[in-house]
Amino acid sequence: MPATHVVTNQVPPLVGHDVAADAALLDGLHRYDAGWGEADLHELGRLAGGEQAQEWGRLANAYPPVLRTHDRYGNRIDEVEYHPAYHELMTVAVGHGMHAAAWRDSRPGAHVARTAAFYTWSQAEAGHGCPISMTYAVVPALRHNAELAARYEPLLATRVYDPGPRPPETKRGLTAGMSMTEKQGGSDVRANTTRAVRQADGTYLLTGHKWFTSAPMCDLFLVLAQAPGGLSCFLLPRVLPDGTRNRMHLQRLKDKLGNRSNASSEVEYDEAVAWLVGEEGHGVRTIIQMVNMTRLDCVIGAAAGMRLGVVQAVHHTTHRQAFGGYLVDAPLMASVLADLAIESEAATMLMMRLAGATDRAFAGDESEAAFRRLGLAVSKYWVCKRAATHANEALECLGGNGYVEDSGMPRLYRDAPLNSIWEGSGNVAALDVLRAMASGGTEAFMAELDAAAGADARLDAAVADLRKRLAEGPDQASARRLVERMALTLQGSLLVRHGHPAVADAFCASRLDGDWGVAFGTLPSGVDTAAIIARVGVK
């Protein structure tokens with residue numbers, strides 16, 4: 001072989017590692033009552049870090065879903081074909097209970113264990129998490145109709161992935177989706193024009209066009225439509241109990257920036273049969289139960305992407321040499337890597353705190369429910385928004401190699417903005433924070449911050465400044481700045497109380513104190529970058 005073709009100084013593939021070997025994740029698992037799930041989580045982590053799962057992720061994105069509207073004879077079928085790798089990913093996700101299984105698990109920490117699993121497996125491939133997330137989130141909303149919940153909740157929670165167009169009650173397991181957005185309204189769902197007409201048998205016929213319906217191959221969908229009593233929520237099956245296909249016609253699949261493995265579609269309802277969930281006119285109030293759960297998964301997905309990015313960056317720089325040494329040992333690079341790790345660890349810690357609040361809220365803890373309501377809105381805004389910037393910097397750590405598809409970093413980069421947009425982009429999330437504060441969530445949020453009082457002077461000062469801002473009365477013009485400060489003080493409080501000292505100190509120094517740079521890698525002097533990078537746990 002000619003000497004010019006000898007490969008040197010290239011980074012070995014990052015395979016065969018345990019994705020769940022994540023100190024912040026495991027600490028949270030035990031802190032919030034789910035230590036019983038650690039063995040299963042490591043099993044899943046080894047699968048996620050293996051060559052097979054990584055290949056499934058590649059294939060599911062390289063060969064995205066294809067819409068088949070009609071069969072060869074001209075019959076309407078409205079089917080989406082996926083690469084077999086997508087079904088393999090779904091099988092693992094459902095088999096490990098990342099969908100609705102937590103709702104039927106009476107163990108303390110069930111939602112925390114599910115969060116940790118979803119975070120871990122999302123690092124193998126993010127797109128298939130959409131139907132998994134919606135299946136998880138549908139349960140609280142569905143319970144507004146006790147009859148429908150009794151009929152379908154056990155099948156939504158069973159750990160069997162059973163794709164294919166068949167009547168829901170004949171299947172071994174179900175997945176669920178959500179159909180709210182219309183072209184004229186976007187996030188303003190009260191502008192929806194889809195009509196719902198009540199029938200003598202108690203069902204409704206829905207007619208209208210939905211601009212975004214993700215995962216249209218799910219078995220059941222929560223749909224918003226205008227009934228005589230106002231905007232209402234309905235459960236719509238893809239296949240009717242008699243085996244006929246519901247009049248739910250897929251118009252096209254969206255050609256998206258990222259999230260390629262997941263089919264997002266436009267749907268036309270032509271007198272499609274559906275059942276009312278909740279009361280007429282209470283559609284937003286009903287479906288918001290589902291939206292709040294999927295917003296938790298937006299935070300999980302963003303945190304998972306950050307973790308994947310920093311792991312890849314540390315692995316690459318540990319093995320890549322330049323200018324006479326390994327990149328990881330260069331002070332400039334070490335500052336960038338440590339900063340990425342700080343952001344990732346803060347996001348993971350906040351994610352687990354919200355998961356713990358979810359468990360306790362649904363167990364009846366009103367203070368945790370109040371904290372979760374506001375904390376989730378704050379986190380949806382900030383963590384999801386930081387993910388895109390984080391992915392960009394992590395990619396840059398790999399240089400030109402990171403810009404090449406084979407590295408996996410372009411997929412991470414394309415996927416990163418999604419969670420900031422899905423379930424309400426930045427302005428919608430900021431407005432939701434204002435609504436949550438108006439409904440009385442501020443006291444529980446501030447109590448969470450006060451739990452760290454006296455532990456760090458920089459945090460104390462930031463909390464005092466936040467109190468002043470809140471006392472002045474938030475408004476739309478200042479909402480983004482306020483929500484950012486709320487997120488940073490909340491992360492700082494968690495890190496000071498529960499995090500590694502080097503991470504907590506660096507976070508407070510770089511996010512809460514002084515006038516340090518905005519870009520990653522502009523940490524103040526004296527930060528223990530080596531200790532922080534070591535927390536990432538990969539070589």
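General observations
- For segment 71-85, the condition holds for at least one residue, the condition being that it is touching a Gly at 6+ places or on another chain (Cβ under 8 Å), of a type outside the set (D, E, K, R), within 27 Å of Arg172 (Cα to Cα) and free of Cβ contacts under 8 Å to residues at least 40 places away in the same chain.
- Condition check for Glu280: more than 28 Å from Arg511 (Cβ to Cβ) and either of a type outside the set (Gly, Ala, Ser) or in a helix (DSSP H, G or I) (or both): yes
- Complete set of residues in segment 187-219 that are crowded, with 16+ Cβ neighbours inside 10 Å, closer than 18 Å to Val284 by Cα and among the hydrophobic types (A, V, I, L, M, F, W, C): Val189, Ala196, Leu206, Trp211, Phe212
- Residue within segment 369-387 that is more than 20 Å from the chain's Cα centre (by Cα), modelled with pLDDT of 95 or more and aromatic (Phe, Trp, Tyr) present: no
- Of the criteria (1) within 30 Å of Thr244 (Cβ to Cβ); (2) part of a helix (DSSP H, G or I), which one Ala53 fails: (1)
- The listed residues are Ala24, Ala62, and the only one of them that is within 29 Å of Gly109 (Cβ to Cβ) and small (Gly, Ala, Ser) turns out to be Ala24.
- Subset of segment 169-190 (residues that are without any contact (Cβ under 8 Å) to a residue 60 or more places away in the chain and part of a loop (DSSP other than H, G, I, E, B)): Lys171, Arg172, Leu174, Thr181, Glu182, Lys183, Gln184, Gly185, Gly186, Asp188
- Here the condition is being farther than 20 Å from Cys130 by Cα, free of Cβ contacts under 8 Å to residues at least 24 places away in the same chain and assigned by TED's automatic domain parsing to the domain that holds Arg295; of Ala430, Ala436, Ala370, Ala357, it holds for Ala357 alone.
- Residues that are part of a helix (DSSP H, G or I), within 28 Å of the chain's Cα centre (by Cα) and small (Gly, Ala, Ser) within segment 446-461 comprise just one, Ala447.
- Selection from segment 177-186 of residues that are at pLDDT below 95 and either surrounded by fewer than 16 Cβ atoms within 10 Å (Cβ to Cβ) or in contact with a Cys (Cβ under 7 Å, 6 or more places away or on another chain) (or both): Lys183, Gln184, Gly185, Gly186
- Considering Thr193, Thr213, the condition of being of a type in the set (Val, Ile, Thr) and in contact (Cβ under 8 Å) with a residue 40 or more places away in the chain is satisfied by Thr213 alone.
- When each of Ala394, Ala436 is tested for being in a helix (DSSP H, G or I) and closer than 14 Å to Leu482 by Cα, the lone residue that passes is Ala436.
- Those residues of segment 426-456 which are in contact with a Cys (Cβ under 9 Å, 6 or more places away or on another chain) and farther than 12 Å from Leu376 by Cα, in sequence order: Gly426, Asp456
- Residues that are loosely packed, with under 13 Cβ neighbours inside 10 Å and either modelled with pLDDT of 95 or more or under 30 Å from the mean Cα position of the chain (by Cα) (or both), drawn from segment 469-483: Asp475, Gln476, Ala477, Arg481
Table: residues versus (1) in contact (Cβ under 8 Å) with a residue 24 or more places away in the chain; (2) among the hydroxyl-bearing types (Ser, Thr, Tyr).
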| site | (1), (2) |
| --- | --- |
| Ala461 | yes, no |
| Arg469 | no, no |
| Glu472 | no, no |
| Gln476 | yes, no |
| Val483 | yes, no |
| Ala487 | yes, no |
| Val496 | yes, no |
| Thr522 | yes, yes |
| Ser525 | no, yes |
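- Some residue of segment 280-288 being buried (at least 20 other Cβ atoms within 10 Å of the Cβ) and more than 29 Å from Leu205 (Cα to Cα): no
- Residues in segment 290-307 that are modelled with pLDDT under 95 and either among the aromatic types (Phe, Trp, Tyr) or out of contact with any Lys or Arg (no Cβ under 8 Å at 6 or more places or on another chain) (or both): Met290, Val291, Met293, Thr294.
- Scanning segment 511-539 for residues that are crowded, with 20+ Cβ neighbours inside 10 Å and aromatic (Phe, Trp, Tyr) turns up just one, Phe520.
- Among residues of segment 1-30, those that are in a loop (DSSP other than H, G, I, E, B) and surrounded by 15 or more Cβ atoms within 10 Å (Cβ to Cβ), counted: 8
The values are calculated or read from the model by the stated rules, or taken from the named source; none is laboratory data. What you see is a predicted model; the values in this text were computed from it and never measured. Virtual Cβ from ideal backbone geometry, glycine too; neighbours counted across all protein chains shown.
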